[in-house]
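The structure is given below, and queries will be raised subsequently.
Each value in this text was obtained by applying a stated rule to the coordinates, not by laboratory testing. All of these numbers come straight from a predicted model, not from anything done at the bench. Note: ideal-geometry Cβ built from the backbone for every residue, glycine included; neighbour counts use all protein chains shown.
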């Protein structure tokens with residue numbers, strides 16, 4: 001999972017600080033690397049490296065990132081690599097000068113690499129599928145560019161841009177939400193035909209000029225003082241010229257939209273609205289539905305209090321406590337300077353980080369029957385240690401609830417879930433999982449209830465991508481051979497051997 005951001009501001013006003021601020025709002029979507037690219041005087045200006053946004057961009061970098069148009073990216077690796085060379089945005093010099101930042105994962109990346117190498121003779125510098133996507137866009141633009149001006153600069157019209165995006169949709173399979181700069185012309189944003197990964201755009205009026213912003217989540221728009229216009233529709237492309245004029249077109253054959261349901265369970269910030277659905281309200285609804293199922297199965301429960309696993313389990317836990325009519329209590333204090341354990345490669349690192357990340361408040365556990373609530377259970381590492389922590393501070397009984405169903409299948413659309421053999425639910429019943437993590441009783445949300453609870457708002461999608469729970473892949477191209485390749489790239493042994501020492505590409509490198 002990654003976060004993307006693009007902006008076209010007023011001529012003569014630099015947007016570097018707005019991109020920086022937008023990326024900090026999206027930092028939860030990726031903590032491995034970050035990058036900002038702007039354009040000024042016909043030149044791209046780039047800074048990217050590994051780390052958090054606040055660790056990468058110093059005053060000297062920000063001063064170089066001039067221009068009224070730019071894109072940004074926060075990243076975590078979906079195939080185990082943490083190479084700095086794969087930090088985004090990427091760029092190519094032809095045609096026009098083209099850059100791109102991408103959130104998602106291409107499921108036909110191997111075929112695209114062969115096509116780009118053998119037919120179009122394009123060289124890849126990394127193993128990132130985002131670089132493949134950039135080069136596919138470059139090829140489609142190049143094939144449609146015929147008119148040259150007297151100084152050799154190609155003319156660009158809107159038909160060329162939207163035709164190129166249509167060509168990308170026809171060739172590329174998978175999930176992708178992208179922002180791209182075409183040097184001298186403007187900002188392009190487009191979303192895959194299924195709308196698996198989110199994308200929203202907004203605007204604001206200042207001194208009679210319109211400024212535009214595109215981001216992965218609405219919160220990155222509203223937090224900067226922009227007004228959300230709407231979501232970018234699945235298969236839609238929008239182009240914003242350097243002068244601030246916006247054009248849009250549906251560039252893909254219509255298919256059933258299927259946004260990723262895991263955005264509403266875990267990844268997105270609760271103050272975001274994605275595809276018309278409030279993430280906060282979705283998590284409340286998920287908690288209510290799960291609590292109702294617990295009451296149906298166990299009306300005479302002995303739960304004394306509901307305690308969330310911070311932070312993403314908190315909203316569902318609030319509603320569960322209300323529905324169960326028991327106390328809601330905060331029982332864990334979180335060290336916010338430790339990254340998400342879900343993202344960390346390597347089981348040993350994950351196990352160490354859980355204890356460093358959370359500390360239990362003894363008074364809230366001692367002598368009580370506690371229901372712990374988390375958004376989901378993936379490997380079970382965190383769940384088992386949290387249950388152990390609760391018992392260590394005196395909990396009489398520890399029940400555990402997951403607001404999501406058992407995760408049994410790989411996610412191929414941009415979420416770095418582990419290899420299938422590392423899922424705790426792989427080949428196990430709920431009773432067996434309960435024994436492994438050490439809870440007195442374990443409750444999972446059903447998939448039917450999750451979908452129904454998340455289908456809220458004025459015009460919700462008719463379908464969600466639920467592949468990590470159901471094994472049904474909306475793009476229809478996933479077979480056993482693909483899953484085998486995915487296993488080889490995602491298991492902990494593969495991640496342990498990944499390189500993190502590649503050189504960073506910085507167009508204005510001052511040795512930092």
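Would you please give the FRET efficiency between residue 127 and residue 421, computed as 1/(1 + (r/R0)^6) with r the Cβ-Cβ distance and R0 = 22 Å, to the nearest 0.05? Intermediate results must be reported in sequence, preceding the final value.
On the way: r = 23 Å, r/R0 = 1.04.
That gives a FRET efficiency of 0.45.
For residue 13 paired with residue 120, estimate the spin-label separation in nm (one decimal), with each label point 7 Å from Cα along the Cα-to-Cβ line.
3.6 nm
Considering only DSSP beta bridges whose two residues both sit in region 278-473, what percent are antiparallel, to the nearest 5? List each step's numbers first, then the result.
Details: 4 of 20 bridges.
Taking every DSSP beta bridge within region 278-473, about 20 percent pair in antiparallel fashion.
Once you put a point 7 Å from the Cα of residue 356 and another 7 Å from the Cα of residue 311, both along the Cβ direction, what distance in nm separates them?
Simple spin-label model gives 1.9 nm for this pair.
Let me ask something else about it. Bins of 10 Å, beginning at zero and ending with the bin holding the largest distance: percent of Cα pairs per bin for region 278-473, please.
9, 36, 39, 15, 1
Residues in region 101-145 near a label at residue 94, defined as backbone nitrogen under 18 Å from the 7 Å Cα→Cβ point?
Flagged as within label range: 116-125, 134-145.
Residue 230 to residue 459: extension gain in nm, 0.36 nm per residue of separation minus the Cα-Cα distance?
81.2 nm
Let me ask you something else. As an exercise, take the mean of 1/r over every pair of distinct alpha carbons in region 2-258, invert it, and state the Kirkwood radius in angstroms.
17.9 Å
What order do you get for 1, 389 when you list them from fewest to most C-beta neighbours inside 10 Å? Write out the running numbers ahead of the final one.
Numbers: 1 27, 389 20.
So the residues, fewest neighbours to most, are 389, 1.
Let me ask something additional. Across 10 Å bins from the origin, how do the percents of Cα pairs in region 92-138 run, short distances first?
Bin by bin from 0 Å, the calculated values are 27, 60, 12.
Provide the gained length on full extension for the span residue 110 to residue 428, in nm with one decimal, where the gain is 0.36 nm per separating residue minus the Cα-Cα distance.
Working: separation 318, 0.36 × 318 = 114.48 nm, distance 3.27 nm.
Additional length available on full extension: 111.2 nm.
Here's something else I'd like to know. Would you mind checking the tilt of helix 347-357 against the longest principal axis of the Cα atoms of the chain, expressed as 0 to 90 degrees and rounded to 10?
The angle comes out at about 70 degrees.
Based solely on its DSSP helices, what 222 nm [θ] is calculated for the chain when runs of n ≥ 4 H residues each add -39,500 (n - 2.57) and the sum is averaged over all residues, nearest 500 deg cm²/dmol? All intermediate terms of the calculation are to be shown ahead of the outcome.
Working: 16 runs with 149 residues, N = 512.
Per the formula, -8500 deg cm²/dmol.
With only alpha-carbon pairs counted, each pair once and no self-pairs, how large is the Kirkwood hydrodynamic radius of region 394-451 in angstroms? Could the numbers behind the result be given before it?
Values: mean 1/r = 0.0786 Å⁻¹.
It works out to 12.7 Å.
Can you order the peptides 99-107, 304-312, 363-371, 401-409 by their average number of other Cβ atoms within 10 Å per residue, highest first?
Working: 99-107: 26.6, 304-312: 22.0, 363-371: 18.9, 401-409: 24.4.
Ranked by mean Cβ neighbours within 10 Å, highest first: 99-107, 401-409, 304-312, 363-371.
For the residues 124, 136, 199, what sequence is obtained by ranking on other C-beta atoms within 10 Å, fewest first? Intermediate values should be presented prior to the final figure.
Working: 124 16, 136 22, 199 28.
Lowest to highest Cβ neighbour count: 124, 136, 199.
Let me ask you something else. Output the 0 to 90 degree angle, nearest 10, between the alpha-carbon long axis of helix 381-392 and the longest principal axis computed from the alpha carbons of the chain.
Once rounded, the angle reads 40 degrees.
Just want the ordering: 178, 209, from fewest to most Cβ atoms lying within 10 Å of their own Cβ. Don't skip to the answer; put the middle values down first.
Values: 178 28, 209 13.
Ascending number of Cβ neighbours within 10 Å: 209, 178.
Taking the Cα of residue 336, stepping 7 Å toward and past its beta carbon, and measuring to each backbone N in region 242-278: which are under 16 Å?
Counting backbone N atoms under 16 Å from the label point, the list is 269-271.
At a Förster radius of 60 Å, what calculated FRET efficiency corresponds to the Cβ-Cβ distance of residue 207 and residue 143, to the nearest 0.05? Walk me through the numbers on the way to the answer.
Values: r = 40 Å, r/R0 = 0.66.
After rounding to 0.05, the efficiency reads 0.90.
Using only Cα atoms and rounding to the nearest 10 degrees, what angle (0 to 90) does helix 129-144 make with the longest principal axis of the chain?
Roughly 30 degrees, rounded to the nearest 10.
In the chain, what percentage of the DSSP-assigned beta bridges are antiparallel, given to the nearest 5?
That works out to approximately 80 percent antiparallel.
Expressed as a whole percent, how much of the Cα-Cα distance distribution for the chain exceeds 44 Å? Intermediate values should be presented prior to the final figure.
On the way: 20057 of 130816 pairs.
Tail fraction, whole percent: 15.
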